[in-house]
Amino acid sequence: METKPLVFVTRRIPEEGLNLVREACTVRLWEGELPPPKDVLLREVPACDGLLSLLTDPIDAEVIAAGVRLRVISQMAVGVDNIDLRAATARGIPVGHTPGVLTEATADFTFALLMAAARRIPEGVDYVRAGKWRTWEPMGLLGVDVWGATLGIVGLGRIGTAVARRARGFAMRILYYDPTRRPELEAELGVEYAELEDLLAQADFVTLHCPLTPQTRHLINEAALRRMKPTAILVNAARGPVVDTGALIRALSEGWIRAAALDVTDPEPLPPDHPLLSLPNCVVVPHIASATVSTRNRMARIAAENLLAGLRGQRLPYCANPEVYREL
Ligand code: DGY
């Protein structure tokens, strides 16, 4: 009888994906609520043919080297900055990810963050819960207008573009910065290309949608924050380390910018006593931009399909290191 491939799944994922994997593989599932520690990864991967990972798992060169039988790594996320892609490629291991299916949910959530900070929704909720709501206040909890404001999008990929489509409905002027100029989107959506410095100086809202790479780490540093308007709001639904946290704390406490709304942070998670959490002008939520039932189901299914394709020796439907196929 043919033996099924052995796979390690680093956390319980939606059944829609897990069941597909279970039908074709022998599954070792990490049942912990928190990610498996690295020593668990190092212990599990040597026997495994496949690894289904999450963005919280450090799949570094050491883990990849330990996976002597690994034929595929499939991550249930679009971002793969936690995986050493170069090490995987050098070993001939394709890495799967889940682009596309989370674009609209993440763009919706980006707008939710932007609106929450602009209109001070979390502060309003706290105010009511604290019993402070005694009357209608002519000057209470005043926010800033979103309608007709200028939006600066850093990274006009799938999610950045979906955010631009929403911004058109708010009559916003839309600037974008991206290493690749997108004339077709400029024509279709009326977005205007700007150098990063100009975008930062002009935007009322700056929203980040670039991957985390050595080039984008701390892209929003002290100099960048100081270029922004004192009335501007920063939104980050990309990756925490794109922003220099120390500089952001100073920017928010000293009024270089008005507010920030963060789905992602550095470090992640933030400890409960972290200074960002004591700032009333900072909205922080726990990396939930893709967290809708249907989106997470679709992400799990694609992660399973990538995993199974890799185990069968087929090209992954969504591969984060396509160069692996050239080097084979
Ligand atoms: C991703 O997929 O990279 C997001 O950060 C989580 O959905």
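The values are calculated or read from the model by the stated rules, or taken from the named source; none is laboratory data. Model, not experiment: these values are computed from the prediction. Cβ sites come from the backbone with ideal geometry, for glycine too, and all protein chains shown count toward neighbours.
When you check R165 against the structure, is it surrounded by fewer than 17 Cβ atoms within 10 Å (Cβ to Cβ), part of a helix (DSSP H, G or I) and modelled with pLDDT of 95 or more, yes or no? Working first, answer last.
Numbers: surrounded by fewer than 17 Cβ atoms within 10 Å (Cβ to Cβ): yes; part of a helix (DSSP H, G or I): yes; modelled with pLDDT of 95 or more: yes.
Here the answer is yes, as R165 does meet what is asked.
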- Message: I'd like the full set of residues that are closer than 17 Å to V9 by Cβ, away from the ligand (no atom under 12 Å from the Cβ) and either without any contact (Cβ under 8 Å) to a residue 24 or more places away in the chain or among the small types (G, A, S) (or both), limited to region 74-93.
- Response: S74
- Task: Out of A224, A232, A251, report the one residue that is touching an Asp or Glu at 6+ places or on another chain (Cβ under 7 Å) and farther than 18 Å from I83 by Cβ.
- Result: A232
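Considering each of L200, L196, L219, L225 in turn, give the residue that is more than 16 Å from the ligand (Cβ to nearest atom) and more than 20 Å from A149 (Cβ to Cβ).
Working: L200 fails: more than 20 Å from A149 (Cβ to Cβ); L196 fails: more than 20 Å from A149 (Cβ to Cβ); L225 fails: more than 20 Å from A149 (Cβ to Cβ).
Step by step, each of L200, L196, L219, L225 is checked, and only L219 is more than 16 Å from the ligand (Cβ to nearest atom) and more than 20 Å from A149 (Cβ to Cβ).
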- For region 1-48, what are the residues that are surrounded by 21 or more Cβ atoms within 10 Å (Cβ to Cβ) and in contact with a Pro (Cβ under 6 Å, 6 or more places away or on another chain)? T10, C25
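Return yes or no: is T161 within 30 Å of A309 (Cβ to Cβ) and of a type outside the set (K, R)? Steps first, answer last, please.
On the way: within 30 Å of A309 (Cβ to Cβ): yes; of a type outside the set (K, R): yes.
For T161, the condition - within 30 Å of A309 (Cβ to Cβ) and of a type outside the set (K, R) - is met.
Taking the residues in region 94-113 that are part of a helix (DSSP H, G or I) and not aliphatic (A, V, I, L, M) as candidates, determine which candidate is nearest to the ligand (Cβ to nearest atom). Steps first, answer last, please.
To start, the set of residues in region 94-113 that are part of a helix (DSSP H, G or I) comprises 103-113.
Add one more test, that the residue is not aliphatic (A, V, I, L, M), and what stays is 103-104, 106, 108-111.
Details: T103: 10, E104: 12, T106: 7, D108: 13, F109: 10, T110: 12, F111: 16 Å.
The residue in question is T106.
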- Item | Residue ID - farthest from A116 (Cα to Cα), chosen from residues in region 282-294 that are within 11 Å of the ligand (Cβ to nearest atom) and surrounded by 21 or more Cβ atoms within 10 Å (Cβ to Cβ) | S290
- Within region 101-139, restricting attention to residues that are among the small types (G, A, S) and touching a residue at least 12 places away in the same chain (Cβ under 8 Å), which residue is surrounded by the most Cβ atoms within 10 Å (Cβ to Cβ)? A117
- Task: Kindly check whether there is at least one residue in region 50-68 that is touching a Cys at 6+ places or on another chain (Cβ under 9 Å) and either crowded, with 20+ Cβ neighbours inside 10 Å or aliphatic (A, V, I, L, M) (or both).
- Result: yes
- Applying the selection to region 142-162, what residues are touching a Lys or Arg at 6+ places or on another chain (Cβ under 9 Å) and assigned to a strand (DSSP E or B)? T150, L151
- Query: If we scan region 271-290, do we find a residue that is under 16 Å from H97 (Cα atoms) and within 20 Å of the chain's Cα centre (by Cα)?
  - Reply: yes
- Item | Which numbered condition T180 misses (of (1) crowded, with 16+ Cβ neighbours inside 10 Å; (2) within 25 Å of D81 (Cβ to Cβ)) | (1)
- Please tell me if R43 is within 16 Å of A303 (Cα to Cα), assigned by TED's automatic domain parsing to the domain that holds R312 and without any contact (Cβ under 8 Å) to a residue 24 or more places away in the chain. no
